[in-house]
Amino acid sequence: LGYGAYTGGDVDLTRMSLDDVDALQTEMLKHPNNKFNSSALGRYQIIRTTLRSLKDELGLDGSETFTPELQDRLAQALLERRGLSRYKSGEISSKQFLNNLAKEWASLPKSNGRGVYAGQRAATDTSSVLNALQAE
C-alpha cells in the first residue's frame, strides 16, 4: 500500500512470519498518514482482517513465512471463498464471479464496470477481466 509509505520504507515481506506481517499491518493502520485506513500488502494486497481469517481457516499458526508460495495459497483460498469452484462448474456465471471478486479486490470492477467501494476506482475494465476468466 502506498509503495511502503506506511511501513517505514521497503520491507521484505517474503522473509517475515505471518505474525510479523500482522504486526506490520497493525503499525500501518496506526500510521497518521494512512488516509485509506488500509493494511493491504503483499502480492495480493491482503488486509489484516482477511489475513487473520485465512490463518484460522487454513490452520496456520503464524510462524509460517510469508513466501510467494504461501501468498499464492492464501489467494487461492480467497478465490475459493468468492466462488472459483462454483464458477468452474457453471453454478455461477462469469459476471457473478467477477462481482464476487470485486468485493475481495477493490481494483477489480463489478460486471457493470464500477468498483464496489465508494471512491474506489477500478484499475481495469470489465471486459479484460471477463476475457481473462474465460481464458482460464
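Mind checking the stretch 52-136 for chymotrypsin sites (Phe, Trp or Tyr not before Pro) that DSSP puts in a loop (not H, G, I, E or B) and that have at most 14 other Cβ atoms within 10 Å? Filter output for the stretch 52-136: TYR117. Near LYS110, the amide H atoms lying under 5 Å from its own belong to GLY115, VAL116; only residues 5 or more places off or on other chains count, and H is placed 1.01 Å from N.
Using helices alone, I'd like the mean residue ellipticity at 222 nm for the chain: each DSSP H run of four-plus residues gives -39500 (n - 2.57), total over residue count, nearest 500.
Values: 6 runs with 63 residues, N = 136.
One gets -14000 deg cm²/dmol as the mean residue ellipticity at 222 nm.
Each other residue within a Cβ distance under 13 Å of LEU41 adds +1 if Lys or Arg and -1 if Asp or Glu, for a net charge of -3. Under the classification rounded if a/c is under 1.5, otherwise prolate if a/b is larger than b/c and oblate if not, where does the stretch 82-136 fall, given a ≥ b ≥ c as square roots of the Cα gyration tensor eigenvalues? Cα axes put the stretch 82-136 in the prolate bin. For the stretch 38-83 versus the stretch 104-136, the inter-centroid distance based on Cα atoms is 21 Å. If one puts a single equal scatterer on every Cα of the chain and applies the Debye formula without solvent, what log₁₀ I(q)/I(0) results at q = 0.09, 0.14, 0.21 Å⁻¹? Per q value, in the given order, log10 I(q)/I(0) is -0.29, -0.71, -1.27.
Accessible surface for the stretch 35-136, divided over its residues, is 58 Å² per residue with a 1.4 Å probe.
Give me the percent of the accessible area of the stretch 1-133 that comes from carbon and sulfur atoms, probe 1.4 Å, all protein chains in place. Mind dumping the intermediate values first?
Values: 3620 of 7610 Å².
Result for the stretch 1-133: 48 percent of the exposed heavy-atom area is carbon or sulfur.
Couplings 3J(HN,Hα) for the stretch 76-88, derived from phi with the Karplus relation 6.51 cos²θ - 1.76 cosθ + 1.60 (θ = phi - 60°), are 4, 5, 5, 4, 5, 4, 8, x, 4, 5, 5, 5, 5 Hz, where x marks Gly and Pro. Candidates PHE66, ALA106, SER89 compared by Cα position along the dipole of the stretch 46-133: farthest toward the positive end lies ALA106, with charges placed on Cβ.
Charges only on Cβ, +1 for Lys and Arg, -1 for Asp and Glu: so what's the dipole of the stretch 21-136 about the Cα centre, in debye to the nearest 20? Provide the component values of the computation, followed by the final result.
Numbers: 16 positive and 13 negative charges, 116 e Å.
Roughly 560 debye for the stretch 21-136.
Does anything in the stretch 70-95 have its amide N under 18 Å from the 7 Å Cα→Cβ label point of THR49, and if so which residues? Counting only backbone N, you get 78-79, 81-82. Taking amide H as placed 1.01 Å from N in the peptide plane, the amide H of ILE46 sits under 5 Å from that of LEU41, each at least 5 places away or on another chain.
The values are calculated or read from the model by the stated rules, or taken from the named source; none is laboratory data. Keep in mind it's a predicted model, so treat the numbers as computed, not measured. FYI the Cβ positions are ideal-geometry reconstructions off the backbone, even for glycines, and counts take in every protein chain you see. To get the accessible areas, we keep the full protein, side chains included, count just its heavy atoms, and leave off ligands, DNA and RNA. Shrake-Rupley method; radii C 1.70, N 1.55, O 1.52, S 1.80 Å.
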